[in-house]
Amino acid sequence: MNVISPRPVAAHPADLDCAQFAKGLFIGGEWRQTAARIAVVDPSTERVLAEVADASVEDALAAVEAAERAAPAWRAKPPRERSEILRRCFELMVERADMLAALISLENGKALSDAKGEVAYAAEFFRWNAEEAVRIAGDLGTAPSGANRILVDYAPMGIAVLVTPWNFPAAMATRKIAPALAAGCTVVLKPASETPLTAYALADLYREAGVPDGVVNVVTTSAPGPVTAAMLDDPRVRKLSFTGSTGVGRLLLAQAARSVVSCAMELGGNAPFIVFDDADLEAALDGAMVAKMRNAGEACTAANRFYVQSGIYDRFAAGLVARMAALRVGPGIDPATQCGPMITRKAVEKIGRLVADATDRGASVLHGGTVPAGEGYFYPPTVLGDVSADAMLMHEEIFGPVAALCRFETEDEAIRVANDTEYGLASYIYTRDLKRGLGVAARIESGMIAINRGLVSDPAAPFGGVKQSGLGREGGHHGVLDYLEPKYIAVSF
Ligand code: NAP
């Protein structure tokens, strides 16, 4: 039985004054007030933490203007200087890790341990891109005719609009801002309206690290559609980097087409987690808990569909139930919590609908499945057995702490069902036979594959999806290339 603990009375991280980060929109290094405000709610308690500014289209265009004014000096700054500023952002994030983790946990609800992991991951994008900033090389070749040289330089794309989701309020922003700044671009960030405080806390930190005014601008809005459309229609904007749902991604691609804005899309996932009979059971269970329960299942890389070979299925199901049942559910900010609340009541209701649909189609509830009474948007860790292929949750992201288990017999069958989705972000494979693991990985339609691991994200590796999970890659060397245009110069010496 999962224990649901009350909000701690005197735990220090919970006492963080969130209102200090709601100083206004961050435009050109100044805090701009708005008459309208957006309430930021603690999903653990349903109480309002703070109210942030609500940008209009005019405010957003003022942010584009500020990014435009800052652009010439930033792109002309020597790479070493840009690198040192990014390095300082990394150092300040590490120094303030506890405060940032508490803020993320309060506004997002995730367990403090997950929030600390996010801060470390988010900060790492600054360290990695500080190193990338001084390693942006061009190419020089000879034309096949021998008549001239082919010189390829890499130039910053220009102003980038960055739109981020609520599930990783720090990391989804730094995964874009750090490579954009390393490349010499200036940016306007529009964070999710559920979790804007982290973005504003980080804006303060960037300034302290030496990021010049106007290089990073942050605007929150209750009208993301018109505000983002206006920025994309502004000819000064040359890049859109979006992380969020596939549905909104499709809309933004259509809008970006009007001005032929370059797009990077990090969209939804529906990750399969395949366990073969020969897998190390304990390792597979450890990996399953990470792949499913990091952020209480609110991750694009979260294992959504567990395909378990029939010879190990019963032992895997029993082990997973035992581990899910032992999780401590509670307010994210309580250091004892292992599974926090969902982001909104709507999210809890959606999970409830998907679970009801699966059980209507024959799935058995092996653990959980009942929403607890009381304050907060909690959904309990849940395991469903023998979920049928036509259940909605096999085709949609469940985005919550629900593991859906299905049996399979053969390798070909596992690959066929794993690929039976419009998504292709992350996949997980457990087998002791590495030859089989790599062979299956080669046939899985997915941008990222973890073999005998439950975690795939790494700032040094290219993160991204195939099919309707996205376009482009973030992280690794690919991350900075996404903000650079190759410029070809034909030159005769
Ligand atoms: P979402 O509803 O698509 O929102 C993402 C962002 O888009 C938010 O800032 C949102 O603003 C904004 N937005 C919403 N409607 C818009 C519109 N019409 N025009 C312009 N912007 C709009 O996604 P979410 O619920 O926040 O995040 C969960 C989704 O993100 C999941 O599908 C998850 O898989 C995906 N995700 C993908 C990755 C990846 O790297 N592939 C990483 C994390 C999450 P508001 O907050 O104001 O609505």
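The values are calculated or read from the model by the stated rules, or taken from the named source; none is laboratory data. Keep in mind the model is a prediction, meaning the values are calculated, not measured. For neighbour counting, all protein chains shown are included, and Cβ atoms are generated from backbone atoms with ideal geometry for every residue, glycine included. Surface accessibility is based on the protein's heavy atoms, side chains included, excluding ligands, DNA and RNA. Shrake-Rupley method; radii C 1.70, N 1.55, O 1.52, S 1.80 Å.
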Just to be sure, is I27 modelled with pLDDT of 95 or more and under 22 Å from the mean Cα position of the chain (by Cα)? no
The one condition in (1) over 24 Å from the mean Cα position of the chain (by Cα); (2) free of Cβ contacts under 8 Å to residues at least 12 places away in the same chain; (3) within 16 Å of the ligand (Cβ to nearest atom) that A322 fails to fulfil: (3)
How many residues of segment 373-400 are under 28 Å from T45 (Cβ atoms) and assigned to a loop (DSSP other than H, G, I, E, B)? The answer is 13
How many residues are over 24 Å from the mean Cα position of the chain (by Cα) and touching a residue at least 24 places away in the same chain (Cβ under 8 Å) if we restrict to segment 46-63? 5
Scan segment 261-280 and report the pairs whose first residue is without any contact (Cβ under 8 Å) to a residue 60 or more places away in the chain and whose second residue is polar (S, T, N, Q) and surrounded by fewer than 24 Cβ atoms within 10 Å (Cβ to Cβ), with Cβ atoms within less than 7 Å and a gap of 6+ or a chain change. D277/Q309
Within segment 219-227, can one find any residue that is out of contact with any Ser or Thr (no Cβ under 9 Å at 6 or more places or on another chain) and within 7 Å of the ligand (Cβ to nearest atom)? yes
Considering only residues of segment 50-97 that are in contact with a strand residue (DSSP E or B) (Cβ under 6 Å, 6 or more places away or on another chain) and farther than 15 Å from D213 by Cα, which is most open to solvent (accessible area, probe 1.4 Å)? E51
Among the residues of segment 213-240, the number that are in contact with a Phe, Trp or Tyr (Cβ under 8 Å, 6 or more places away or on another chain) and either more than 20 Å from G24 (Cα to Cα) or open to solvent by 50 Å² or more (accessible area, probe 1.4 Å) (or both) is 1
Just wondering, is there one or more residues in segment 181-199 that are among the hydroxyl-bearing types (S, T, Y) and surrounded by fewer than 21 Cβ atoms within 10 Å (Cβ to Cβ)? yes
Go through (1) open to solvent by 20 Å² or more (accessible area, probe 1.4 Å); (2) touching a residue at least 24 places away in the same chain (Cβ under 8 Å); (3) within 16 Å of the ligand (Cβ to nearest atom) for G247 and report which single condition fails. (2)
Which condition breaks for P165 when tested against (1) surrounded by fewer than 24 Cβ atoms within 10 Å (Cβ to Cβ); (2) more than 17 Å from N108 (Cβ to Cβ); (3) within 12 Å of the ligand (Cβ to nearest atom)? (2)
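Here is a check on your reading of the model: is D458 away from the ligand (no atom under 16 Å from the Cβ), modelled with pLDDT of 95 or more and surrounded by fewer than 22 Cβ atoms within 10 Å (Cβ to Cβ)? Reasoning before the result, please.
On the way: away from the ligand (no atom under 16 Å from the Cβ): no; modelled with pLDDT of 95 or more: yes; surrounded by fewer than 22 Cβ atoms within 10 Å (Cβ to Cβ): yes.
Taking the combined requirement at face value, the residue does not satisfy it.
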Please verify whether segment 128-136 includes one or more residues that are farther than 26 Å from V64 by Cα, of a type outside the set (V, I, T) and surrounded by fewer than 22 Cβ atoms within 10 Å (Cβ to Cβ). yes
Given the condition within 16 Å of the ligand (Cβ to nearest atom) and part of a helix (DSSP H, G or I), answer yes or no: does some residue in segment 257-264 qualify? yes
Matching residues, segment 294-318, being closer than 21 Å to S388 by Cα and touching a helix residue (DSSP H, G or I) at 6+ places or on another chain (Cβ under 8 Å): A302, A303, N304, R305, F306, Y307, V308, Q309, I312, R315, F316
Hey, can you tell me all the residues within segment 168-196 that are more than 10 Å from the ligand (Cβ to nearest atom) and more than 12 Å from the chain's Cα centre (by Cα)? I177, A178, P179, A180, L181, A182, A183, G184, C185, T186, V187, V188
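Taking segment 397-407, which residues are in contact with a helix residue (DSSP H, G or I) (Cβ under 8 Å, 6 or more places away or on another chain) and under 22 Å from V290 (Cβ atoms)? Reasoning before the result, please.
Our first condition is that a residue be in contact with a helix residue (DSSP H, G or I) (Cβ under 8 Å, 6 or more places away or on another chain); within segment 397-407, this holds for 398-407.
Listed by number, the residues that qualify are I398, F399, G400, P401, V402, A403, A404, L405, C406.
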